[in-house]
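The values are calculated or read from the model by the stated rules, or taken from the named source; none is laboratory data. The structure presented is a predicted model; accordingly, all values stated were derived computationally and were not measured. As a convention, Cβ positions derive from the backbone with ideal geometry for all residues, glycine included, and neighbour counts pool all protein chains shown. Only protein heavy atoms, including side chains, enter the accessible area calculation; ligands, DNA and RNA are left aside. Shrake-Rupley method; radii C 1.70, N 1.55, O 1.52, S 1.80 Å.
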Amino acid sequence: MRGTFIVIEGLDRSGKTTQVSTLQTWLESSGTPVKLFKFPDRTTAIGQMIDSYLRSQSELDDRAIHLLFTANRWELATSIERLLEQGTTIVCDRYAFSGVAFSAAKGLPLEWCRSPDAGLPAPDLTIFFDISPETARERGGYGEERYEKEELQKRVRGLFGVLGAEFESGKWVTVDAGRSREEVAEDVWRHVSKVVGKVDGPVARLWI
Ligand code: DGP
């Protein structure tokens, strides 16, 4: 059996990071070898350019930054694929769906945004953390980074819906992230335990 590729997507303030770490603990205690990835990965040279852009310390053309986010995923794609083939399950905090949703929300054509990510390793399961802008605001609102603005997040939410609708059922699930941590964690585990350790064969390619 190869490892299972699980992607957690969602809006800012949806609690992804906490849930990714709970999921890691639960998978480890069930005896599943697991590795976490997080995009953007700000530790690489490309990731540092993205970090500087997100913190508004540099300016870049919308298309140029889009391609940097994509390049950041491609530079880790081979590691992801190798780990999956070796039997390690991967939990990934954000992926190409954020790439398309955030850039298209800024006004770039959706199909143009999708094209450079086509061919990346495809997740076996994507869990979308949905939260209303009102609930996100109650959690302390958005922070200082460039995309943490309510109007933009509303458009991003709609675009995630468009991307998710393209998937067959079971491959993309939406979780109501406005509930308590415990409820969300239980829901995530319910979905994950249906697929983990049950996929085999070559890793599929995204959007091909
Ligand atoms: P995070 O480190 O998860 O808080 O993500 C940083 C911000 O970058 C967040 O507002 C979402 C956005 N983002 C993540 N991936 C991409 C991407 O591929 N393209 C664009 N344009 N934005 C992204």
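Does E81 count as open to solvent by 40 Å² or more (accessible area, probe 1.4 Å) and in contact with a strand residue (DSSP E or B) (Cβ under 7 Å, 6 or more places away or on another chain)? Steps first, answer last, please.
Working: open to solvent by 40 Å² or more (accessible area, probe 1.4 Å): yes; in contact with a strand residue (DSSP E or B) (Cβ under 7 Å, 6 or more places away or on another chain): yes.
Here the answer is yes, as E81 does meet what is asked.
Determine which member of the set T70, T78 is part of a helix (DSSP H, G or I) and within 10 Å of the ligand (Cβ to nearest atom). Walk me through it before giving the result.
Details: T78 fails: within 10 Å of the ligand (Cβ to nearest atom).
After applying the criteria, what remains is T70.
Only one residue in T44, T18 is among the hydroxyl-bearing types (S, T, Y), farther than 26 Å from V192 by Cα and in contact with a helix residue (DSSP H, G or I) (Cβ under 9 Å, 6 or more places away or on another chain). Which one?
On the way: T18 fails: farther than 26 Å from V192 by Cα.
Result of the check over T44, T18: T44.
Identify the single condition in (1) away from the ligand (no atom under 13 Å from the Cβ); (2) polar (S, T, N, Q); (3) open to solvent by less than 20 Å² (accessible area, probe 1.4 Å) that S30 does not satisfy, given that it satisfies every other one.
Failing condition for S30: (3).
Would you please name the residue that is nearest to the ligand (Cβ to nearest atom), looking only at residues in region 147-187 that are within 16 Å of S98 (Cα to Cα) and hydroxyl-bearing (S, T, Y)?
The selected residue is Y147.
Within region 109-123, can you find the residues that are within 14 Å of the ligand (Cβ to nearest atom), open to solvent by less than 20 Å² (accessible area, probe 1.4 Å) and assigned to a loop (DSSP other than H, G, I, E, B)?
Matches in region 109-123: L120 only.
On the given criteria, is G99 among the small types (G, A, S) and part of a loop (DSSP other than H, G, I, E, B)? Please lay out each step first, then the result.
Numbers: among the small types (G, A, S): yes; part of a loop (DSSP other than H, G, I, E, B): no.
When the stated conditions are applied, G99 does not pass them.
Please go through (1) surrounded by 17 or more Cβ atoms within 10 Å (Cβ to Cβ); (2) in contact with an Asp or Glu (Cβ under 9 Å, 6 or more places away or on another chain) for M1 and return the number of the only condition it doesn't satisfy.
Condition (1) is where M1 drops out.
Just for region 47-62: of the residues that are among the charged types (D, E, K, R) and part of a helix (DSSP H, G or I), which one is farthest from the chain's Cα centre (by Cα)?
Here is the first cut: in region 47-62, the ones among the charged types (D, E, K, R) are 51, 55, 59, 61-62.
Of the ones still in play, those that are also part of a helix (DSSP H, G or I) are 51, 62.
Working: D51: 17, D62: 20 Å.
Checking each candidate, the answer is D62.
Can you tell which of V173, V162, V188, V199 is touching a His at 6+ places or on another chain (Cβ under 7 Å) and either open to solvent by less than 40 Å² (accessible area, probe 1.4 Å) or not aromatic (F, W, Y) (or both)? Give the steps one after another, and end with the answer.
Details: V162 fails: touching a His at 6+ places or on another chain (Cβ under 7 Å); V188 fails: touching a His at 6+ places or on another chain (Cβ under 7 Å); V199 fails: touching a His at 6+ places or on another chain (Cβ under 7 Å).
Answer to the check: V173.
Checking the condition assigned to a helix (DSSP H, G or I), of a type outside the set (S, T, N, Q) and within 23 Å of T22 (Cβ to Cβ), which residue from V184, V175, V162 passes?
Details: V175 fails: assigned to a helix (DSSP H, G or I); V162 fails: within 23 Å of T22 (Cβ to Cβ).
Residue meeting the stated conditions: V184.
As an exercise: evaluate E134 against (1) at pLDDT 90 or above; (2) part of a helix (DSSP H, G or I) and give the number of the one condition it does not meet.
E134 satisfies all of (1) at pLDDT 90 or above; (2) part of a helix (DSSP H, G or I) except (1).
When you go through S14, S56, S52 one by one, which is the residue that is of a type outside the set (F, W, Y) and open to solvent by 50 Å² or more (accessible area, probe 1.4 Å)? Give the steps one after another, and end with the answer.
Details: S14 fails: open to solvent by 50 Å² or more (accessible area, probe 1.4 Å); S52 fails: open to solvent by 50 Å² or more (accessible area, probe 1.4 Å).
The unique qualifying residue is S56.
Within region 6-41, can you find the residues that are of a type in the set (D, E) and in a helix (DSSP H, G or I)?
To start, the set of residues in region 6-41 that are of a type in the set (D, E) comprises 9, 12, 28, 41.
If the condition is that a residue be of a type in the set (D, E) and in a helix (DSSP H, G or I), then E28 is the only one that fits.
Taking the conditions exactly as written (in contact with a Phe, Trp or Tyr (Cβ under 7 Å, 6 or more places away or on another chain), hydroxyl-bearing (S, T, Y) and either within 11 Å of the ligand (Cβ to nearest atom) or modelled with pLDDT under 95 (or both)), does Y53 satisfy them or not? Working first, answer last.
Values: in contact with a Phe, Trp or Tyr (Cβ under 7 Å, 6 or more places away or on another chain): no; hydroxyl-bearing (S, T, Y): yes; either within 11 Å of the ligand (Cβ to nearest atom) or modelled with pLDDT under 95 (or both): yes.
It is false that Y53 is in contact with a Phe, Trp or Tyr (Cβ under 7 Å, 6 or more places away or on another chain), hydroxyl-bearing (S, T, Y) and either within 11 Å of the ligand (Cβ to nearest atom) or modelled with pLDDT under 95 (or both).
Report yes if T70 is open to solvent by 10 Å² or more (accessible area, probe 1.4 Å) and farther than 19 Å from K16 by Cα, otherwise no. Steps first, please.
Working: open to solvent by 10 Å² or more (accessible area, probe 1.4 Å): no; farther than 19 Å from K16 by Cα: yes.
Judged against the criteria, T70 is not a match.
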